[in-house]
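Okay, structure first, notes after.
The values are calculated or read from the model by the stated rules, or taken from the named source; none is laboratory data. Remember, it's a predicted structure, so these values are computed and weren't measured experimentally. Please note: Cβ atoms are built from the backbone with ideal geometry, for glycine as well, and neighbour counts cover all protein chains shown.
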Amino acid sequence: MGKIVILTGAGISAESGLGTFRDEGGLWAQHRVEDVATPEGFSRNPALVHDFYNARRVQAAKAKPNAAHEALARLQKNYPGEVVIVTQNVDSLHEAGGASNVIHMHGTLAGALCAACDHRWPAPPQMAVGETCPACAAPTARPDVVWFGEMPYQMDVIYDHLAEATLFAAIGTSGQVYPAAAFVYEAMQSGAHTVELNLEPSTGAASFDEVILGPATETVPRWIEGLLNRR
Ligand code: BJW
């Protein structure tokens, strides 16, 4: 049985009440990317960056998984082959919806990272400037998320999965951020069938074999029922 690799982006959590980045009124309409999502921004003004992530951590803790997260968990349980979820999202809604085998390539709001020694620990609900690392005591705690110019997590593992994929789906992502935006090309090279599920066509929609448009809570459960019934 073939391997399914699913890439998710902010659009899958939009109907759980979490804002996307690039849609109208999204996070990047309210904040400058350079200020809150780069290591240089954090060096310049760590208080601003902590405020941004503290607010999102509070929001994410209140959010509930939606029908799309739950459908992906059903796919993992009922599909006889391996189903790997690679998410760009820093919320924990896939896990809350029952999924396992989730790779958080852009990190997670639930984690804190020491900028000095790379030690990781669970983030408190509110992080503060100068918070010390429990391992090396440097006052360099930061959110464990991947900013522009930094290397996303577990890339070797992700590329290995893409090399073995027979089906690749990108759900709720605009295709504007690399390396995730190029996963479809890796999957194509492996001979995988490629599907985009999005509210509107992404930047790279023309590269997919199939494009399914609509809100994730409607398209994803329908698509997954189709996949499971086809067997
Ligand atoms: C719905 C919906 C509903 C709405 N239902 N759908 C060329 C090649 C390689 C790299 C680069 C390159 N050019 C530039 C770069 C570097 C840079 C980059 O990509 N820049 C671009 C601006 C061009 N990339 C990096 O720096 C990355 N690192 C890197 O490349 O390292 C070197 C490397 C090289 C080669 C291999 C490996 C590594 C790091 C990128 C880090 C991104 N970080 C952020 C912040 C994370 C923490 C946080 O959450 O704050 O990640 S930025 C932000 O964008 C966040 C997201 O994960 C990411 C993607 O956004 P996403 O999820 O696609 O959201 P949106 O808002 O863009 O789209 C939402 C979509 O949902 C839309 O399409 C809607 O239509 C849809 N939607 N409602 C279904 N109900």
Being within 13 Å of the ligand (Cβ to nearest atom), over 16 Å from ALA216 (Cα atoms) and crowded, with 22+ Cβ neighbours inside 10 Å narrows HIS31, HIS104 down to just HIS104
Just the residues that are away from the ligand (no atom under 14 Å from the Cβ), over 21 Å from PRO125 (Cα atoms) and not in a helix (DSSP H, G or I), please, taken from region 48-93. TYR79, PRO80, GLY81, GLU82, VAL83, VAL84
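When you check ALA128 against the structure, is it at pLDDT 95 or above, farther than 27 Å from HIS161 by Cα and under 19 Å from the mean Cα position of the chain (by Cα), yes or no?
Working: at pLDDT 95 or above: yes; farther than 27 Å from HIS161 by Cα: yes; under 19 Å from the mean Cα position of the chain (by Cα): no.
Judged against the criteria, ALA128 is not a match.
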For region 101-120, which positions are more than 15 Å from TRP147 (Cα to Cα), within 14 Å of the chain's Cα centre (by Cα) and not aliphatic (A, V, I, L, M)? ASN101
For ALA99, which of the numbered conditions (1) within 15 Å of the ligand (Cβ to nearest atom); (2) in contact with a His (Cβ under 8 Å, 6 or more places away or on another chain); (3) under 24 Å from ALA187 (Cβ atoms) fails to hold? (1)
Just wondering, is there one or more residues in region 128-148 that are touching a helix residue (DSSP H, G or I) at 6+ places or on another chain (Cβ under 7 Å) and more than 21 Å from ILE103 (Cβ to Cβ)? yes
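Taking the conditions exactly as written (more than 9 Å from the ligand (Cβ to nearest atom), assigned to a strand (DSSP E or B) and either at pLDDT 95 or above or surrounded by fewer than 18 Cβ atoms within 10 Å (Cβ to Cβ) (or both)), does LEU167 satisfy them or not?
Working: more than 9 Å from the ligand (Cβ to nearest atom): yes; assigned to a strand (DSSP E or B): yes; either at pLDDT 95 or above or surrounded by fewer than 18 Cβ atoms within 10 Å (Cβ to Cβ) (or both): yes.
When the stated conditions are applied, LEU167 passes them.
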Which one of the conditions (1) in contact with a Leu (Cβ under 7 Å, 6 or more places away or on another chain); (2) surrounded by fewer than 20 Cβ atoms within 10 Å (Cβ to Cβ); (3) within 23 Å of ALA71 (Cα to Cα) does GLU186 fail to meet, given that it meets all the rest? (3)
Lone unmet requirement of (1) surrounded by 14 or more Cβ atoms within 10 Å (Cβ to Cβ); (2) assigned by TED's automatic domain parsing to the domain that holds VAL220 for TYR178: (1)
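Could we say that ALA37 is more than 26 Å from ALA182 (Cβ to Cβ) and of a type in the set (A, V, I, L, M) here?
no
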If I ask for residues that are without any contact (Cβ under 8 Å) to a residue 60 or more places away in the chain, closer than 24 Å to TRP223 by Cα and assigned to a helix (DSSP H, G or I), which ones from region 1-28 would you list? none
Of VAL184, VAL220, the only residue that is farther than 30 Å from ASN45 by Cα, part of a helix (DSSP H, G or I), within 9 Å of the ligand (Cβ to nearest atom) and touching a helix residue (DSSP H, G or I) at 6+ places or on another chain (Cβ under 7 Å) is VAL220
Assuming ASP118 fulfils every condition listed in (1) assigned to a loop (DSSP other than H, G, I, E, B); (2) crowded, with 16+ Cβ neighbours inside 10 Å apart from one, which condition is it? (2)
Specify which of the listed residues (HIS31, HIS69, HIS94) is farther than 19 Å from GLY226 by Cβ and touching a residue at least 24 places away in the same chain (Cβ under 8 Å). HIS94
Cross-chain or 6+ apart pairs with Cβ under 6 Å, region 130-158 first and in a loop (DSSP other than H, G, I, E, B), then of a type in the set (Phe, Trp, Tyr): PRO134/TRP121
